[in-house]
Amino acid sequence: MKPAKMKSIGLNAVLLIFSGITILPFLWMLAFSFKTNAEISALSQRFLPRHPTWDNYANALTRMAFLRYFFNSLSYALVLSVITIYTSAISGFVLCKYRFRGRKLLFGMILSTMMVPGVVTIIPRYSMMRALGWLNQFQALIVPSLFTSFGIFMMRQSCTAVPDEILEAARIDGANEFYIFHRIVLPMLRNAVASMAIFQFLWAWEDYLWPYLMIRSESKQLLSIALNMFSGRFSTDYAGLFAATSIAIIPVVICYLVFQKQFIQGIASSAVKG
């Protein structure tokens, strides 16, 4: 066997092992969602349930207003993803294709915010939202996240692949800057947009701490917070929690499957260029 082929087989084997380690917790959760609490708490454990049951899913949907929490989270994640993708794309375009004083300094300041942990700014952001009277309002979740330094960085790197000649030709033909961005640049960034959509949707969907601090009303609660209802003071309904969590990850899986090809290409195209 040729060394190159052996190297390829070995690399694929390593990737397969790591993929199995990565996906094992999800398979474990899915398998346990069909077990009873008694079987989950038993000392003798096995991967597959002895007597699979769908009751956990039925109880998860009826125990709380699951669909309302689900659509609250879905609406929040979709709205925030669309807004963030647009602001990141237009900011990255300006920082990449326009020449103005302080451009590099501004970009450096944006990148520096990536080094600041989010928990550091929680108290100042909370104070600002309370001063604005936005507690228990969805704008308190969306407005502080309208711009993301990671998204601006990704879009700026992707914009470097857009030829300046195309933009100059459009300007010579009389196209204004908004037309150039929406009709020429944005379609060329579709791979980066798909990558950003997956990242941002995932971050918004699984966000816990900030929605927990902002939203007090049960009717406006997000699914990530509502899952705490399965944890009681003295016990936890693990079977119902596994079932509800299995349903909760469906939108993320669908989002990735839809944008999978563009996601891989977008990550490659937004790599740092020398």
- request: Just one of (1) modelled with pLDDT of 85 or more; (2) under 21 Å from residue 236 (Cβ atoms) trips up residue 46, so point out which.
  value: (1)
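Here's the yes/no breakdown for (1) modelled with pLDDT under 90; (2) touching a Cys at 6+ places or on another chain (Cβ under 7 Å):
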position	(1), (2)
136	no, no
165	no, no
181	no, no
201	no, yes
213	no, no
222	no, no
228	yes, no
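Scanning region 168-180 for residues that are over 34 Å from the mean Cα position of the chain (by Cα) and part of a loop (DSSP other than H, G, I, E, B), which turns out surrounded by the most Cβ atoms within 10 Å (Cβ to Cβ)? I'd like the intermediate steps shown before the answer.
So the first thing to find is which residues in region 168-180 are over 34 Å from the mean Cα position of the chain (by Cα), and the list is 168-175.
When the remaining residues are screened for being part of a loop (DSSP other than H, G, I, E, B), the result is 173-175.
Numbers: 173: 9, 174: 7, 175: 15.
Once the filter is applied, the top-ranked residue is 175.
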statement: Exception for residue 184 within (1) touching a residue at least 12 places away in the same chain (Cβ under 8 Å); (2) more than 13 Å from residue 89 (Cα to Cα); (3) not in a loop (DSSP other than H, G, I, E, B) falls at (2)
query: Does any residue in region 145-173 that is within 11 Å of residue 93 (Cβ to Cβ) come within less than 8 Å, Cβ to Cβ, of a residue that is basic (Lys, Arg) and part of a helix (DSSP H, G or I) six or more places away or on a different chain, and which pairs are these?
result: 159/97; 162/97; 167/97
Helices (runs of 4 or more DSSP H) completely within region 58-167 that count 2 or more residues being surrounded by fewer than 19 Cβ atoms within 10 Å (Cβ to Cβ) and hydrophobic (A, V, I, L, M, F, W, C): 66-97, 103-112, 122-132
- request: Give 6, 64, 1 a once-over and let me know the one that is within 18 Å of residue 227 (Cα to Cα), of a type in the set (A, V, I, L, M) and modelled with pLDDT under 90.
  value: 64
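So, in region 1-39, how many residues would count as being surrounded by 12 or more Cβ atoms within 10 Å (Cβ to Cβ) and either among the acidic types (Asp, Glu) or more than 13 Å from residue 56 (Cα to Cα) (or both)?
Start the filter on region 1-39 by keeping residues that are surrounded by 12 or more Cβ atoms within 10 Å (Cβ to Cβ), which leaves 26, 28-37, 39.
From what's left, either among the acidic types (Asp, Glu) or more than 13 Å from residue 56 (Cα to Cα) (or both): 26, 28, 39.
Looking only at that region, the number is 3.
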- request: Give the residue, chosen from 204, 239, that is touching a Leu at 6+ places or on another chain (Cβ under 8 Å), touching a residue at least 40 places away in the same chain (Cβ under 8 Å) and part of a helix (DSSP H, G or I).
  value: 204
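Restricting to region 25-43, count the residues that are assigned to a loop (DSSP other than H, G, I, E, B) and either touching a Cys at 6+ places or on another chain (Cβ under 6 Å) or modelled with pLDDT of 85 or more (or both). I'd like the intermediate steps shown before the answer.
Looking only at region 25-43, we keep the residues that are assigned to a loop (DSSP other than H, G, I, E, B), and these are 33-36, 42-43.
Next cut, either touching a Cys at 6+ places or on another chain (Cβ under 6 Å) or modelled with pLDDT of 85 or more (or both) only: 33-36.
Total satisfying the criteria: 4.
Looking at region 73-86, can you tell me whether even one residue there is farther than 17 Å from residue 142 by Cα and either at pLDDT 95 or above or not β-branched (Val, Ile, Thr) (or both)?
Quick first cut of region 73-86, residues farther than 17 Å from residue 142 by Cα only: none.
No, region 73-86 has no match at all.
The values are calculated or read from the model by the stated rules, or taken from the named source; none is laboratory data. In this text the structure is predicted, and so the values were computed from the model without any measurement. Glycine also receives a Cβ, built like all others from the backbone with ideal geometry; neighbour counts cover every protein chain displayed.
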